[in-house]
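What follows is a single structure, written as structure tokens, with notes after it.
The values are calculated or read from the model by the stated rules, or taken from the named source; none is laboratory data. For clarity, every value in this text was computed on a predicted model and none was experimentally measured. Neighbour counts run over all protein chains shown; Cβ positions are idealised from the backbone, glycine included.
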Amino acid sequence: MPELHLTLDGVPVPARPGQTVGAALTEAGILSWRTTRNAGRPRGLFCGIGVCFDCLLTADGVPNQRACLTPAREGMVLQTGAEAPE
């Protein structure tokens with residue numbers, strides 16, 4: 001199966017066709033990509049079904065995308081959010 005090539009804040013991240021962005025990040029060992037506003041607690045993939053909104057990131061310039069629901073695409077540019085609501 002051919003590998004897809006994503007970047008997260010400029011760092012290459014491999015993905016497989018059919019994977020979500022959240023699954024690709026987790027498989028690459030990236031478990032958190034944003035923090036809460038007040039306490040600075042790490043956030044990443046939690047529920048995996050789009051309910052909790054802990055996995056938000058910017059995907060191809062579109063902010064507040066749920067990584068657990070966003071399909072990985074070749075050349076996708078991902079950016080972390082510095083803060084998340086408590």
Query raised in the report: Tally time: how many residues in segment 19-52 are in contact (Cβ under 8 Å) with a residue 24 or more places away in the chain, part of a loop (DSSP other than H, G, I, E, B) and of a type outside the set (A, V, I, L, M)?
Result: 5
Requested in this report: Determine, yes or no, whether Thr58 is among the hydroxyl-bearing types (Ser, Thr, Tyr), surrounded by 18 or more Cβ atoms within 10 Å (Cβ to Cβ) and at pLDDT 95 or above.
Outcome: no
